[in-house]
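To start, the structure itself, in C-alpha cells.
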Amino acid sequence: MVIKVFLASSSGSTAIKKKQQDVVGFLEALKVEYTPLDIACNEDNRMWMRENVPVDKKPSNGIPLPPQIFNEESYCGDYETFFNAKEDNLVYSFLGLTPPPGSKEAVQAESTAIMENGTHAEETSTEENLDQSISEEVPVEERNGNTHREEEEQEEEAAAEEEEIDGEVMEGETAEEEATGEDAPAEEEEEAVEETEDTEARAEEYEEVIFT
C-alpha cells in the first residue's frame with residue numbers, strides 16, 4: 001500500500017503550506033512511507049486529485065485544496081480529518097494501515113477489543129447461565145410432579161390393601177361368631193341328654209333299693 005499526499009509546492013497560501021508541512025512532518029515522524037505528488041507542477045496529478053476526491057468531501061466551490069491524502073486509490077481525507085485522527089491517536093486507521101505493535105494506537109485498539117470482548121463474553125455467559133438454569137428448573141419441576149404422583153398412587157394402593165385386610169378380618173370374625181352360635185345349642189342339647197340319662201339312672205337305682 002502506498003500513501004499518496006497531494007501537495008502544492010508553489011502555493012502562495014501560508015495556511016496551505018503550514019498544513020502540508022504538518023502532514024508530511026507527522027508521517028515522517030511515524031516512519032510511514034508516502035509519495036508526495038505535486039499538483040502545482042503536474043497537471044495530471046491535479047486532475048487526478050480533483051476527480052478522485054468524493055463529491056461530499058469537496059468544498060462548496062467543487063475544488064479541493066491540498067493537502068489531500070490517499071491510500072492507493074482509496075481516499076483517506078483532507079487536513080482537517082487528518083488532524084482529528086492525530087488528536088485521537090487514530091492516524092494509522094485514518095491511513096488504512098495496521099498500527100505497529102507497541103504504538104499508542106495499537107495499545108488503544110487492544111484495550112478497546114478487550115473491553116468489547118469482555119463485555120460480550122459476560123453477556124454471553126449470563127445468557128448461557130440463564131438458559132441453563134431455565135432448562136434445569138423445568139425437569140426438576142417435572143420430576144417433583146412425577147414423584148408426588150407416585151407417592152399418591154402408593155398411598156392409594158396401601159389404603160386399598162388395608163381395606164381388603166380389614167374386610168377379610170371382619171369376615172373371619174363373623175364366620176367365627178356364626179360357627180360359635182351354631183355349636184352352642186348342640187353342646188347344650190348334649191349336656192341336657194346327659195343330665196336326663198343320669199337322672200334316669202339314679203331313679204332306677206333308687207327303685208331297686210326300695211323294692212329290694
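Here's the list of lysines a cross-link from LYS57 could span, going by alpha-carbon distance under 26 Å and ignoring same-chain residues fewer than 8 apart: LYS4, LYS17, LYS18, LYS19, LYS86.
Close amide H pairs (under 5 Å, H built 1.01 Å from N) link GLY77 with ILE69, residues at least 5 positions away or on another chain.
Rule-based calculations on the coordinates, nothing more; no lab input. Everything numeric here is computed off the predicted structure, so don't read it as measured data.
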